[in-house]
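Here the structure is laid out as structure tokens; the discussion comes afterwards.
The values are calculated or read from the model by the stated rules, or taken from the named source; none is laboratory data. Model, not experiment: these values are computed from the prediction. FYI the Cβ positions are ideal-geometry reconstructions off the backbone, even for glycines, and counts take in every protein chain you see. Quick note on the areas: whole protein, heavy atoms, side chains included, nothing else; ligands and nucleic acids left out. Shrake-Rupley method; radii C 1.70, N 1.55, O 1.52, S 1.80 Å.
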Amino acid sequence: MRFVATLVAPTASSHLDYATVQSISTCLKTHGATLGAEDWLSENEACDIFFSELDLAEAKDLIRNEVAGTNIDFAVQETSGRRKKLLVADMESTIIGQEMVDELAVRHGIGDEIARITEKSMRGELNFEESLRQRVALLKGIEEKELEAISSLMVLNPGADTLVKTMREHGAYTALVSGGFTYFTSQIKDICGFNEDRANDLEIQSNKLSGSVGEPILGREAKLEATEELIKQLGITLSDVCAVGDGANDLAMLSAVGMGVGYHAKPIVKETAAFQVEHTDHLALLFYQGYRRKDFI
């Protein structure tokens, strides 16, 4: 079976040099791998090392040890089926850097209280659906116009729009599937160019937040269900999917798909997701799929 190890470094603070690539190649060969060609996807930024005759899990452990203490991200996978046909992305702290309920809470002096609930949920210490109900209940009475006021706080994480637009340009379907709210996901959908967005509905009464969220809540299992629904619509399989997220409510979909990526993730996701982006940005997801820098939109 043929495998590929992809190394990615952040160009803003450092670069990926030939010596590092050679060192990792030598390490793999020393432990029994038959090496293929090296392929630079982007000079000083991303490189593929092709190999066979070495267990994938062992190869990942070897590379993890080699890059420890550096800011290099890496992925190891089979070469077949590497280019994905569906992107499913979480929004808050993944596509954007903010948690919008937290931002609204800060504006109204209850930020610490709601942030504690959010963190417990993202770490997997509290059921996501219940945590969302608790947080929204604390927002009761806030004017609907406040949602518009905090929309300007949403900032894309680096490479997010390039990831979406590049995959769409090359034939993939892209979906924003969030445990947040449609008021915000609809805006990010248009900014990034996602095909569609799915999220929760904040209930409004007399132009104020009612303190309730529409049921059923789009949480951990619902994210996986949405992914499964999309693959049926597209006539593909779970192995054809790249999913990315940061928190515990993303784990079900990240664990089920062909390329489940933890993006600057909470500890429980770092321990579980097969692919990680810890030091770089969303462009790493494109390099992991074998896209070259010149392919980016």
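Evaluate the charge dipole of the chain about its Cα centre and quote only its size in Debye, nearest 20, assuming +1 on the Cβ of each Lys and Arg and -1 on the Cβ of each Asp and Glu. Walk me through the numbers before you get to the answer.
Numbers: 29 positive and 47 negative charges, 69 e Å.
For this selection, approximately 340 debye.
Could you work out what % of the accessible surface of the chain is carbon and sulfur, using a 1.4 angstrom probe and leaving DNA, RNA and ligands out of the count?
46
For a Förster distance of 45 Å, can you work out the FRET efficiency between the beta-carbons of residue 40 and residue 125, rounded to the nearest 0.05? Mind dumping the intermediate values first?
Values: r = 43 Å, r/R0 = 0.95.
For R0 = 45 Å, the calculated efficiency reads 0.60.
List every residue whose amide H lies under 5 Å from the amide H of residue 212, counting only residues 5 or more places away in sequence or on a different chain, with H placed 1.01 Å from N in the peptide plane.
For residue 212, whose amide H was placed from the backbone, the distant partners under 5 Å are 203.
From the protein chains alone at 1.4 Å, what is the descending order of accessible area for 92, 103, largest first?
On the way: 92 20, 103 55 Å².
Largest accessible area first, the residues go 103, 92.
Explain nothing, just compute: Karplus ³J(HN,Hα) = 6.51 cos²θ - 1.76 cosθ + 1.60, θ = phi - 60°, for every residue of region 33-40 in order, whole Hz, x for Gly and Pro.
6, 9, 7, x, 6, 8, 9, 7
Residue 287 accessible area, nearest 10 Å², 1.4 Å probe?
Answer for residue 287: close to 0 Å² accessible.
If we count every other residue with Cβ under 13 angstrom of residue 76's Cβ, Lys/Arg +1 and Asp/Glu -1, where does the sum land?
Values: positive: 2, 60, 64, 82; negative: 48, 55, 58, 61, 66, 73, 78.
Spelling it out: positives minus negatives among the neighbours equals -3.
Using amide H atoms built in the peptide plane, which far-off residues or other-chain residues are under 5 Å from residue 260 H to H?
Counting only residues 5 or more places away or on other chains, the set is 243, 274, 275.
Accessible area of residue 78, 1.4 Å probe, to the nearest 10 Å²?
80
For residue 70 paired with residue 191, estimate the spin-label separation in nm (one decimal), with each label point 7 Å from Cα along the Cα-to-Cβ line.
Placing both labels 7 Å beyond Cα along the Cβ direction yields 3.3 nm.
Rounded to the nearest 0.05, what FRET efficiency do residue 115 and residue 170 give with R0 = 35 Å and r taken as the Cβ-Cβ distance? Could you check?
Result of the calculation: an efficiency of 0.35.
If I model a spin label as a point 7 Å beyond the Cα along the Cα-Cβ vector, how far apart are those points for residue 146 and residue 201 in nm?
A separation of 2.2 nm, rounded to one decimal place.
Just add up the charged neighbours of residue 144: K/R +1, D/E -1, any other residue whose Cβ is under 12 Å from the Cβ of residue 144.
Details: positive: 145, 208; negative: 143, 146, 148, 203.
It works out to a net charge of -2.
Can you work out the Karplus-derived ³J(HN,Hα) for every residue in region 77-90? Use 6.51 cos²θ - 1.76 cosθ + 1.60 with θ = phi - 60°, whole Hz, and x for glycine or proline.
With coefficients 6.51, -1.76 and 1.60, one gets 7, 5, 6, 6, x, 5, 7, 8, 9, 9, 10, 10, 10, 5 Hz.
Please name whichever of 219, 8, 52 sits farthest to the positive end of the charge dipole of the chain, dipole taken about the Cα centre and charges placed at Cβ: Lys and Arg +1, Asp and Glu -1.
52
Under a 5 Å amide H to amide H cut-off, with H placed in plane at 1.01 Å, what residues pair with residue 181 once short-range neighbours are removed?
200
Compare the peptides 200-207, 79-86, 163-170 by average per-residue count of other Cβ atoms within 10 angstrom and give them in order, highest first.
On the way: 200-207: 14.2, 79-86: 17.6, 163-170: 20.2.
The most tightly packed comes first, giving 163-170, 79-86, 200-207.
Just reorder 48, 281 by solvent-accessible area, largest first, 1.4 Å probe, all chains present. Can you show the working numbers first?
Values: 48 0, 281 40 Å².
So the residues, ranked largest to smallest area, are 281, 48.
Mind checking the per residue accessible area of the chain for me, 1.4 Å probe, whole number of Å²? Don't skip to the answer; put the middle values down first.
On the way: 12620 Å² over 297 residues.
That works out to 42 Å² per residue.
Provide the net charge surrounding residue 122, with neighbours chosen by a C-beta distance below 10 Å and charges set as Lys +1, Arg +1, Asp -1, Glu -1.
On the way: positive: 120, 123, 266; negative: 92, 99, 119, 125, 246, 250.
Spelling it out: positives minus negatives among the neighbours equals -3.
What distance in nm separates the simple spin-label points at residue 19 and residue 79, each placed 7 Å from Cα in the Cβ direction?
Roughly 3.0 nm, to one decimal.
Output wanted: per-residue J couplings in Hz (rounded whole) for region 145-155, from phi through Karplus 6.51 cos²θ - 1.76 cosθ + 1.60, θ = phi - 60°, x for Gly and Pro.
4, 5, 4, 5, 4, 8, 4, 5, 7, 5, 10
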